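Encoded as structure tokens, the structure appears first; notes follow it.
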Amino acid sequence: MGESLVKRGGLEVTLSLAGRTAAPVKHAVPVRVGGFGGSDGLADYLLREEVDALIDATHPYASVISRNAVAAARQVDVPLLALRRPPWVAVAGDRWTEVSDVSEAVRALGKVPRRVFVTIGRNGLATFSQAPQHHYLIRSVDPVDPPLSLPHVAYVIARGPFSEGDDRALMAAHEIEIVIAKNSGGPAAYGKIAAARSLGISVLMLRRPAAPEAPTAATVGDAIAWLDHTLTSAAARGV
């Protein structure tokens, strides 16, 4: 997103990261790291920095951040757009079961030991201690620290995008029987979904949390078009 805004030109852009990744990728715009202190803290930041527009481009499962963005933008009357990737949709050959959260996913694994590929990031992993009979392969950007207290667990530290071929090879090598994933949308993390389909493997798909009501765009191009319109309209009004 930041790179596309740089190409547009004529903007002072700041990218805000939550700070949960130890070594985030480099960006073409200034970056701030860390929380704001809830919606009130974000509202103060928007006023202090004289922000003209706010784009919420966070992960679809970071619902607290999105709610705070909506509340802060309304509080200080700053135009806001939510950039939300459309969710993946099951196609022929997919064997998906939707679950509401990690606890439901653990219950859905059942009592019989299975070989499980976990691709949900680091949040919520402690819940898998409730089902120690399974063999887990856990992939995350940063190491799981401390490691989980499980008798059968292996870790893959890697940053996407992941291709279907690479994920198919990984899953075959570990004899994976079921995948646990978030419906993140977009191409970067879709490799595991396509690989599971080709291997006939089931997927437990964590349902997206409800998003707060806000104007939305599905692509970066649409977001930039909204930004152009918003800033042009504000200039015409002398704001």
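The values are calculated or read from the model by the stated rules, or taken from the named source; none is laboratory data. Keep in mind that what you see is a predicted model, and the values were worked out from it rather than measured. Note that each Cβ is placed from the backbone with ideal geometry, even for glycine, and that neighbours are counted across all protein chains shown.
What residue, of Ile120, Ile138, is out of contact with any His (no Cβ under 6 Å at 6 or more places or on another chain), β-branched (Val, Ile, Thr) and in contact (Cβ under 8 Å) with a residue 40 or more places away in the chain? Reasoning before the result, please.
On the way: Ile138 fails: in contact (Cβ under 8 Å) with a residue 40 or more places away in the chain.
It is Ile120.
Could you tell me whether Val179 is outside the structural domain of Ala108 (by TED's automatic domain parsing) and in contact (Cβ under 8 Å) with a residue 60 or more places away in the chain?
Working: outside the structural domain of Ala108 (by TED's automatic domain parsing): no; in contact (Cβ under 8 Å) with a residue 60 or more places away in the chain: yes.
No.
Suppose we filter Asp56, Asp44 for residues that are touching a Lys or Arg at 6+ places or on another chain (Cβ under 9 Å), closer than 26 Å to Arg32 by Cα, among the charged types (D, E, K, R) and not assigned by TED's automatic domain parsing to the domain that holds Pro161; which single one remains? Please lay out each step first, then the result.
On the way: Asp44 fails: touching a Lys or Arg at 6+ places or on another chain (Cβ under 9 Å).
From the options Asp56, Asp44, the qualifying one is Asp56.
Of the residues Val112, Val91, which single one is in a loop (DSSP other than H, G, I, E, B), over 20 Å from Ala172 (Cβ atoms) and not assigned by TED's automatic domain parsing to the domain that holds Glu177?
Val91
If you take the residues of region 58-101 that are among the basic types (Lys, Arg) and out of contact with any Asp or Glu (no Cβ under 9 Å at 6 or more places or on another chain), which of them is modelled with the lowest pLDDT?
First, the residues of region 58-101 that are among the basic types (Lys, Arg): 67, 74, 84-85, 95.
Subset that is out of contact with any Asp or Glu (no Cβ under 9 Å at 6 or more places or on another chain): 67, 74, 85, 95.
Details: Arg67: 96, Arg74: 97, Arg85: 91, Arg95: 98.
That would be Arg85.
Being modelled with pLDDT of 95 or more and part of a loop (DSSP other than H, G, I, E, B) narrows it down to one residue among Leu150, Leu137; which is it? Explain how you work it out, then say what you get.
On the way: Leu137 fails: part of a loop (DSSP other than H, G, I, E, B).
Within the list Leu150, Leu137, the selection yields Leu150.
Kindly check whether there is at least one residue in region 50-57 that is at pLDDT below 90, touching a Leu at 6+ places or on another chain (Cβ under 8 Å) and surrounded by fewer than 18 Cβ atoms within 10 Å (Cβ to Cβ). Quick ask: steps written out before the conclusion?
Taking region 50-57 as the starting set, the residues that turn out to be at pLDDT below 90 are none.
Checked region 50-57: no residue is at pLDDT below 90, touching a Leu at 6+ places or on another chain (Cβ under 8 Å) and surrounded by fewer than 18 Cβ atoms within 10 Å (Cβ to Cβ).
Tell me whether region 206-214 contains one or more residues that are closer than 18 Å to Leu81 by Cβ, out of contact with any His (no Cβ under 7 Å at 6 or more places or on another chain) and assigned to a helix (DSSP H, G or I).
no
Tell me, which residue of region 166-189 that is in contact with a helix residue (DSSP H, G or I) (Cβ under 8 Å, 6 or more places away or on another chain) and more than 23 Å from Val112 (Cα to Cα) is surrounded by the most Cβ atoms within 10 Å (Cβ to Cβ)?
The qualifying residue surrounded by the most Cβ atoms within 10 Å (Cβ to Cβ) is Asp167.
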